[in-house]
1. Charges only on Cβ, +1 for Lys and Arg, -1 for Asp and Glu: so what's the dipole of chain B about the Cα centre, in debye to the nearest 20?
2. Toward the positive end of the charge dipole of the protein assembly as shown, about the Cα centre and with charges on Cβ (Lys, Arg +1; Asp, Glu -1), which of B:V69, A:G226, A:T178 goes farthest?
3. Residues with beta-carbon under 15 Å from that of A:A62, excluding A:A62: net charge, scoring Lys, Arg +1 and Asp, Glu -1?
4. Add -39500 (n - 2.57) for each DSSP H run of 4 or more in chain A, then divide by its residues: what number comes out at 222 nm, to the nearest 500 deg cm²/dmol?
5. What ranking of A:D73, B:D195, A:D43 comes out by heavy-atom accessible area, probe 1.4 Å, highest first?
6. What do you get for Rg/Rh of the stretch B:5-229 when both radii come from the Cα atoms and Rh is the Kirkwood radius?
7. Under 13 Å from the Cβ of A:I187, count the other residues' Cβ atoms, weight Lys and Arg +1, Asp and Glu -1, and hand me the total.
8. Tell me the accessible surface of A:E113 in square angstrom (1.4 angstrom probe, heavy atoms of protein chains only), to the nearest ten.
Amino acid sequence: MIRFLFKGLLRDRNRSLLPILVVTAGVSLTVLLHCYITGVLGDMIEFSAKYTSGHVKIMTHAYAENKNQVPNDLALLEINDLISNLQIDYPTMEFVQRINFGGLLDTPDENGETKKQGIVAGIAVDLISENSEEIDRLNIRSSLRKGRLPEKPNEVLISDEFANKLEVKPGGTVTLITSTMYGGMSIQNFTVAGTIEFGVQMMDRSGMIADITGVQNAMDMNDACGEILGFLDSPNYDDIEAMNVENTFNDKYSDPNDEFSPVMTRLKNDSIMAGYFDYVDSFVGIIVAVFILAMSIVLWNTGLIGGLRRYGEVGVRLAIGEEKGHIYRSMIYEAILIGIVGSFFGTLIGLGFSYWIQEVGIDIGDMMKSSKMMIPSVFRANITTPAYYLGFIPGLFSVVLGTMLSGIGIYKRKTASLFKELET
Amino acid sequence: MENSEIVTVKDLIKRYPIGKGEFTALNGIDLTFGTGEFAGIVGPSGSGKTTLLNIIGSLDIPTEGSVVVLGKSIRELNHKQAALLRRKHMGFIFQTFNLLPVYTVYENVEFPLLLLKLSAAEKKKAVMDSLEWLGLTDKMKSRPAQLSGGECQRVAIARAMVKKPELVLADEPTANLDSENSHHILQTMENLNKDLQTTFIFATHDDKVIKYLKRKILIEDGKVSADDVITN
Ligand SMILES: Nc1ncnc2c1ncn2[C@@H]1O[C@H](COP(=O)(O)OP(=O)(O)O)[C@@H](O)[C@H]1O
Ligand SMILES: [Mg+2]
């Protein structure tokens with residue numbers, strides 16, 4: 001009997017090929033969407049890692065507690081020793097120094113008097129060391145609008161908009177007025193090497209990127225910095241690895257009773273990011289749920305139509321003495337088979353496309369007028385383990401549900417009225 | 001020949017719920033059929049022929065009264081037992097043939113045997129015999145779509161006959177056939193009735209069928225109004 005039904009399934013394309021195609025299409029979309037969303041959200045996480053949080057971040061306990069105020073008076077000290085030690089403890093990782101700072105930026109006229117002035121939000125990174133990867137990491141080169149990259153510690157980049165407001169051009173001088181680490185006043189001249197576009201309003205209004213040594217000099221922060229960001233050797237954030245680093249670091253270097261001792265937090269524990277991760281998970285869940293629902297409706301209809309077309313078959317099978325339950329079950333088995341085959345091919349196709357988007361990426365750079373520093377221009381999919389099985393959930397669920405619902409229609413009906421319907 | 005009773009219907013009443021009320025389709029039927037009969041339930045459309053045939057075929061249950069088929073009381077059978085009764089002892093022929101389009105003639109005829117525990121050789125022999133009775137041997141690899149209406153109904157008869165059932169129930173078997181084909185299939189069934197002692201009960205209002213019947217039971221408004229044995 002089973003062989004017989006299987007033969008029928010293979011021969012009746014409306015019963016096999018059509019639903020399999022629907023499942024394949026739905027499943028491949030689910031898989032593709034999952035990989036794409038995981039990729040895009042992963043890119044965003046990575047983006048945040050590069051600019052603010054690192055995969056892991058080291059601060060002093062005191063700085064960490066007030067980090068919204070950027071309290072550079074609570075900065076990490078003796079960081080060169082610390083970083084050397086970290087390179088030994090975690091040889092595959094990269095650690096970089098960052099100082100976030102605020103203050104006033106002044107453009108002097110020919111007499112040295114203030115011509116224009118504005119509040120500045122600055123990031124100090126290693127722009128000059130030969131082996132520094134910060135320029136690439138922060139996408140600085142391609143977002144340069146005017147001038148060139150800094151070559152000396154006292155050269156800076158400021159946002160294009162800010163430069164216009166301050167009426168300063170590349171080669172011009174700006175004066176940074178801020179406080180030193182010890183609370184004294186700091187006034188330091190910098191040369192504007194070039195201008196950049198951040199792509200984020202707040203930063204475009206008042207942003208500045210300076211070399212770390214230049215800022216350390218200006219703020220009296222020799223061998224000190226606000227934050228050390230650590231980057232793992234993998235292209236995507238690996239929370240387990242990060243947690244491992246976080247734990248071992250804190251065991252070795254951190255002393256909760258000393259507020260100036262360093263403490264490490266991993267990206268996922270960064271307050272903003274924590275919610276973000278949950279968001280990623282629930283977002284993926286919602287997508288899958290929507291697909292299950294949509295596909296179920298489509299397949300339910302396919303199943304219903306199939307079921308109606310098979311009234312004759314059901315009638316004959318009842319007449320030859322097959323039990324209703326047996327007929328119903330065989331239809332469910334058929335659905336499971338179709339679901340598995342469709343999901344298999346759907347997953348294969350979905351993974352294929354995802355792999356392509358993962359490797360090549362969708363470059364929206366051409367669509368934007370020009371690359372901006374803080375806006376990613378290439379979106380990539382990311383194939384994670386769930387992508388291999390996730391599609392089977394809507395794939396199987398929808399056909400089986402569709403068949404069950406349409407089957408109940410047949411099953412519930414009185415045998416006799418089924419035959420009455422056969423007559424017409 | 002017609003010694004043992006195969007179907008006994010006593011005081012059969014069948015009511016269908018319609019809206020809030022009920023509709024009485026069969027209103028006190030008393031009938032017996034003996035083994036080897038070639039009988040027809042005859043009457044105008046809506047008189048209750050199909051209803052009666054379905055109850056005899058255990059596809060429907062009586063509201064009141066008793067129907068005993070091959071020693072089994074239809075009212076007391078559960079789904080499984082009714083299915084078993086049909087599987088082992090009954091063949092059905094429908095007005096609309098109800099062949100399965102994706103299967104060949106051979107496979108359509110083989111279908112009822114799949115639920116019975118037969119060896120491959122037994123199955124093959126039964127199918128080939130049945131195809132031969134109906135003159136379909138040369139069509140056994142065709143699909144129903146490639147056959148004429150008459151040929152389709154012959155396949156349906158072959159399917160009903162393949163397990164050599166004691167009882168064949170045929171509901172308007174000629175309604176979709178022209179007169180030549182109607183006569184042809186009735187002659188075939190007449191021969192099967194003679195050769196295999198199979199009991200045939202028809203439901204029909206077609207004169208072409210009525211001509212062949214050995215017994216004509218007229219029902220009107222859910223009641224038997226005449227029951228004639230035809231001798232010729
Ligand atoms: N499931 C049902 N529900 C309600 N009324 C029905 C049902 N089946 C049949 N009937 C009614 O019972 C009567 C007899 O039907 P049926 O046995 O099909 O007649 P026949 O086969 O003689 O044309 C008809 O009036 C029909 O409308
Ligand atoms: Mg009828």
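The values are calculated or read from the model by the stated rules, or taken from the named source; none is laboratory data. If you're wondering where the values come from, they're calculated on a predicted model, not measured in any experiment. So basically every Cβ, Gly included, is an ideal-geometry build from the backbone, and we count neighbours across all protein chains shown. For the accessible areas, the whole protein counts, side chains as well, though only heavy atoms, and no ligand, DNA or RNA atoms are used. Shrake-Rupley method; radii C 1.70, N 1.55, O 1.52, S 1.80 Å.
1. Numbers: 29 positive and 29 negative charges, 174 e Å.
With only Lys, Arg, Asp and Glu charged at Cβ, the dipole is about 840 debye.
2. B:V69
3. On the way: positive: A:K57, A:K67; negative: A:E65, A:D73, A:E227, A:D255, A:D258, A:E259.
After counting each charged neighbour, the total is -4.
4. Numbers: 15 runs with 215 residues, N = 424.
Roughly -16500 deg cm²/dmol at 222 nm, from the helical runs in chain A.
5. Values: A:D73 90, B:D195 120, A:D43 40 Å².
Descending order: B:D195, A:D73, A:D43.
6. Working: Rg = 17.4 Å, Rh = 17.9 Å.
When Rh is taken as the Kirkwood radius, the ratio is 0.97.
7. Details: positive: none; negative: A:D106, A:D220.
Counting the neighbours of A:I187, the net charge comes to -2.
8. 110
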